[in-house]
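Reading through the structure tokens given below for one structure.
The values are calculated or read from the model by the stated rules, or taken from the named source; none is laboratory data. Predicted model, so just to flag it, every value in this text is computed and none were measured. Cβ placement follows ideal geometry from the backbone for every residue including glycine, while neighbour counts extend to all protein chains displayed. Ligands, DNA and RNA are excluded from the accessible area calculation, which covers all protein heavy atoms including side chains. Shrake-Rupley method; radii C 1.70, N 1.55, O 1.52, S 1.80 Å.
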Amino acid sequence: MAAPDIPDDDESAAADVPAGVHRQVYETFLRQLGSGERAAQARTAEEPDLSAFCFDPVPAVVHALLENPRFGLPQARLVAAHHGTPSGLEALAARAAFAADAGVRRALLRNPQLSAGLMRRLYGGRRLLELQKLVDSHDLPEQTRRIARELLRARFSTAEPEERVEVIVKTEGRCLGSLAGLPVDGKTAALLCSRTYTSTLLVQNLSRWAACPPSLITHLLKQEVVRRSQSLRLLLQRHPNAPSGPRR
């Protein structure tokens, strides 16, 4: 009888052993082999070598691992976290079952070799709020955060007004720093004007938003949180889109 795609014993063995042990096995016993021999062994390897090969830096070895019927989610997470070439990571993510796994996705996001193309494929359709969380995350490489910022801007331009309002309000306007130069449509402005504002931080960020619609500035000036704060009133009154009148 043929072995199943992801045998329970191999998966359990890989999950229970610290990654450092797998790396040590690779460095001690496998690294000195030629790349062709490593790829040949990776196609049929069992534990502990199966997970040890996940630390191999050569994309051909990753491709060979993906042909191994014992290669499962524990190994996919190791490759996603530790492999050092974009092509190897792209080969891994080409398998839908691996790309859909939350652990693989988290590891890919933290891997500095994650390419812009793969990032767009995995996260290009995500909600604005999720993309903003990636932009804000200090656990991710700066390059990944930059790509997330580009995706956020692209998605914001095509998102529904309700989703635009959601990301602005739930981040208290912190997302607006990533959205400089992007205007909003009339419905988005109308939805923003239909709200009551009690957050000082949100009003501050809106007042510093160059694209803040004139109607929203007028609405914010009527809010109790602004009426009680001279500094907030001044910020709004000095905005280029503020209603005409004396500006101090």
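Against the definition (open to solvent by less than 30 Å² (accessible area, probe 1.4 Å), under 11 Å from the mean Cα position of the chain (by Cα) and modelled with pLDDT of 95 or more), how does Leu152 come out, yes or no?
Working: open to solvent by less than 30 Å² (accessible area, probe 1.4 Å): yes; under 11 Å from the mean Cα position of the chain (by Cα): yes; modelled with pLDDT of 95 or more: yes.
Yes: the conditions hold for Leu152.
With at pLDDT 95 or above, loosely packed, with under 13 Cβ neighbours inside 10 Å and either farther than 24 Å from Leu108 by Cβ or within 33 Å of the chain's Cα centre (by Cα) (or both) as the only criterion, which of Glu37, Glu27 stands out? Give the derivation first.
Working: Glu27 fails: at pLDDT 95 or above.
Checking each option against the conditions leaves just Glu37.
I need every pair where a residue in segment 158-172 that is closer than 14 Å to Leu192 by Cβ has its Cβ under 8 Å from the Cβ of a residue that is polar (S, T, N, Q), sequence separation at least 6 or different chains.
Pro161/Thr188; Arg164/Thr188; Val165/Thr188; Val167/Gln132; Thr171/Gln132; Glu172/Ser199; Glu172/Asn205
Restricting to segment 166-202, and then to whatever is more than 24 Å from Leu134 (Cβ to Cβ) and of a type in the set (D, E, K, R), can you tell me which residue is surrounded by the fewest Cβ atoms within 10 Å (Cβ to Cβ)?
Asp185
Considering only residues that are within 12 Å of Leu236 (Cα to Cα), assigned to a loop (DSSP other than H, G, I, E, B) and open to solvent by less than 40 Å² (accessible area, probe 1.4 Å), which ones fall in segment 203-224?
Just the residues of segment 203-224 that are within 12 Å of Leu236 (Cα to Cα), to begin with: 203-210, 212-223.
When the remaining residues are screened for being assigned to a loop (DSSP other than H, G, I, E, B), the result is 208-210, 212-213, 222-223.
Trp209, Cys212, Pro213, Gln223 - these are the residues of segment 203-224 that are within 12 Å of Leu236 (Cα to Cα), assigned to a loop (DSSP other than H, G, I, E, B) and open to solvent by less than 40 Å² (accessible area, probe 1.4 Å).
So Arg195 fits all but one of (1) of a type outside the set (Ser, Thr, Tyr); (2) under 22 Å from Pro243 (Cβ atoms); (3) within 25 Å of the chain's Cα centre (by Cα); what number is the exception?
Arg195 satisfies every listed condition except (3).
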